[in-house]
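The values are calculated or read from the model by the stated rules, or taken from the named source; none is laboratory data. The shown structure was predicted, so the numbers you read here are calculated from the model rather than taken from an experiment. As a convention, Cβ positions derive from the backbone with ideal geometry for all residues, glycine included, and neighbour counts pool all protein chains shown.
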Amino acid sequence: MTIAIAMSRPGTPEVLLPIRVKVQDPGPGEVRICQSTIGVNFVDIYHRTGLYPHEGLPAVLGFEGAGTVESVGLGVVSLKVGDRVAYHGMPMGAYAEARVLPESRLIKLPDGLSEHVMGGTMLRGLTAHMLLHSVRVVQPGDWILVHAAGGGLGQLVTRWAKRIGAGVIGTVGSESKRAQAEAAGADAVFLHGQADWVARARAVADGVGVHLAIDGIGGAMLTRTLDAVRPFGMVASIGQPAGPIPPVRVEDLGGSRALALMRPSVIAYANDPDCYRRGCSDLLAALQSGLTNPIGAAYPLRDAAQAHADLEAGRTTGSVILTVSA
């Protein structure tokens, strides 16, 4: 029997409780891994609160992690016992000491990339890849607006966009987060509580607005974000910790605005085999050549509820991980 952290019902972080589970031997095409690191992300909070409902309780949350191969099922050819691996995507259930996953979901880690880092980088890294290579194929000289630029995803998107040669404008909720965004390389950082941040962002972006805006805040932020984008630009709505997003009429995107609006899903991205393989390959190559993703906070697996509370309250910067003792 191993320990997992499961939600007993939708609700506050206190619904996350340890349970004992039996991890089966891997079947054909499957691999059992002993986990060392598990990523904590806002999508986990959306599931915990019931915003993204699912059937069957108790439910073990989590979509990314890293560890070591313990055993392999029949037909597995790319991995062997002792290999270090990381993953992102379905099925949900990462908050556990050990688990069984399809061979196709696991990425073998090269020397020099630690499980500690990769366990909290796969989801954010693939999200950044999706945004910068699929939602819009970002080119040198493009301007990108990144909300919550001091957070884990915001910092990673900023670093990767700067490596491409794009300019990055970040917004943050406090002066302390400003320093994080600037350290990641943002060219300009504004407090999104300032009344004039839209006009200031447009002024920086050639006076006409950004090519791509990434809104991971939600609530009323999306409406203002549309005004910061140049004609034929793209807005990606990827989260809503600030609350539900008001309806947007298609007519409001037309006329002189000529905007595109997308609600991309990194889970759907990872479920596409070609996108997953290409994204993971590009992510590993970028990390090996200098892209960084600092770990902002680490908690023992049993403290998953505290990790959720701190992430939800904005008390963390960088990636948040759970660790499993050897």
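Quick rundown of the values:
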read-out	value
Of the criteria (1) modelled with pLDDT under 95; (2) under 25 Å from MET262 (Cβ atoms), which one LYS177 fails	(2)
When residues of the range 279-299 are limited to those that are at pLDDT 95 or above and of a type in the set (A, V, I, L, M, F, W, C), the one surrounded by the most Cβ atoms within 10 Å (Cβ to Cβ)	LEU283
Qualifying residue in the range 186-207 (condition: buried (at least 20 other Cβ atoms within 10 Å of the Cβ), within 28 Å of ALA285 (Cβ to Cβ) and either touching a Phe, Trp or Tyr at 6+ places or on another chain (Cβ under 6 Å) or of a type in the set (S, T, N, Q) (or both))	no
Residue pairs meeting the criteria (Cβ under 8 Å; at least 6 apart or on separate chains; first touching a residue at least 12 places away in the same chain (Cβ under 8 Å), in the range 213-236; second of a type in the set (Asp, Glu) and crowded, with 19+ Cβ neighbours inside 10 Å)	MET221/ASP215; LEU222/ASP215; THR225/ASP215; VAL235/ASP215; ALA236/ASP215
Of all residues in the range 300-324 being outside any helix (DSSP H, G or I) and touching a helix residue (DSSP H, G or I) at 6+ places or on another chain (Cβ under 6 Å), the one that is surrounded by the fewest Cβ atoms within 10 Å (Cβ to Cβ)	THR316
Test: residue in the range 132-140 that is closer than 17 Å to SER319 by Cβ, in contact (Cβ under 8 Å) with a residue 40 or more places away in the chain and either touching a helix residue (DSSP H, G or I) at 6+ places or on another chain (Cβ under 7 Å) or part of a loop (DSSP other than H, G, I, E, B) (or both)	no
Qualifying residue in the range 268-278 (condition: more than 20 Å from the chain's Cα centre (by Cα) and crowded, with 20+ Cβ neighbours inside 10 Å)	no
Test: GLY170 is in the same structural domain as LEU226 (by TED's automatic domain parsing), farther than 16 Å from THR292 by Cα and buried (at least 17 other Cβ atoms within 10 Å of the Cβ)	yes
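To keep it simple, each residue is scored yes or no on (1) under 17 Å from the mean Cα position of the chain (by Cα); (2) hydrophobic (A, V, I, L, M, F, W, C); (3) at pLDDT 95 or above.
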site: GLN35; (1), (2), (3): no, no, yes
site: VAL40; (1), (2), (3): yes, yes, yes
site: HIS54; (1), (2), (3): no, no, no
site: SER71; (1), (2), (3): no, no, yes
site: HIS88; (1), (2), (3): yes, no, yes
